[in-house]
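All of the numbers you see were taken from the coordinates with simple rules; none came from a lab. Here the structure is a predicted model, which is why all the values come from computation and not from measurement. Note: ideal-geometry Cβ built from the backbone for every residue, glycine included; neighbour counts use all protein chains shown.
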Amino acid sequence: MDMISFKKTFHFILICVELEVLANFQGTVLKRSFYTKIRNRPLEYQTIKTNTTVWDDEFMPPIRHDLKNLIFFKKSDVIGYLESRKSIDGADIIEEIFTAYLASLYKDIGPVTGLNRKPFIVLESKCKEEGKKIHYMLCKKMDALCIKSPVAKMRSIVTKLLYTRMSHLKEAAVYLAMFALDGFIRHGINSDKPVIVQKGYGNISDMPPELWNEVSKKFPTELTKPDLTIYVDFNSSRVSTTTKVRNLLYSLFNNTMGPIRIIQKPLNDHEKTMDTIKNILLPHLDQNLNIVKDWY
């Protein structure tokens, strides 16, 4: 190798080394800035319009979904549990949970039963962004009351409990949030509006299948069951479910949480997805969107 070729090779190797060092440095800086952003991000901030505290879930810390530790069978169980935690976790945070819960309740709302009324539909999907779009489109199409679970005040306190790492209180707050959501649902149906809820009383599809039986055990029987759950399973290797998981979903919902329909459509093909949902709903509704036949 002559001197010129050697110099070119040496300079090329040197440039490669410099680029590698620069890439590693930038990666380290990015990682540090990301975690610094999480660490320095305020847990709460004041909104300008309402001057109320908001807990942002953009950087929600991870938490282990172990639902076997706390299973409440009745609302009185969770209220008693929270009362017993006042001396341990502090009365202020417990009162904050109760305040958010009571502020979310509707009073004097009768039960929702029988046919010839507006439907209560739950929309679930593992692909959250696409699920949100379908949820919005379906609400707009049916002129329905569009609800995201949990309701706003309870969502704020649940997020706060996630930030403060109080998973035991978070589980209790999630349980109370189901009753708050139930009030919204019954209020909407009694106001002659279809109700479509994203994630229902809790997005089971986000949880490991081995926990589904535990979730079904803690589902309170006094809550209003969905008339139909629509599980949108997009044809994508990242989000699609297996046949075994779909069979588990059918079994769980039909036995505990009401009828379910699982549809599989290409990702981003909203028109075909909406057409399929339309074909599922219309045979059971009249021209005023009242239920004339159930989905069992």
Report task. Rank these for me by crowding, 95, 171, going from fewest to most other beta carbons within 10 Å. Result -> 95, 171
Query raised in the report: In terms of modelled amide H atoms, which long-range or inter-chain residues lie less than 5 Å from the amide H of residue 145?
Result: 195, 196
Query raised in the report: Can you pick out the pairs among 153/293; 153/225; 74/199; 199/293; 133/170 whose Cα atoms lie more than 26 Å from each other?
Result: 153/293; 133/170
**Report entry** Given charges at Cβ of Lys, Arg, Asp, Glu: region 74-171 dipole, positive-most of 135, 90, 101
**Finding:** 135
Requested in this report: Given the peptides 267-274, 127-134, arrange them by the average over their residues of other C-beta atoms within 10 Å, most packed first.
Outcome: 127-134, 267-274
Report summary line: For 166, 154, ascending order of other Cβ atoms within 10 Å (fewest first) is 166, 154
**Report entry** Residue order, fewest to most surrounding Cβ atoms within 10 angstrom, among 170, 140, 225
**Finding:** 140, 225, 170
Report task. Mind giving me the nanometre distance, one decimal, between the label points for residue 272 and residue 247, set 7 Å out from Cα along Cα→Cβ? Result -> 2.6 nm
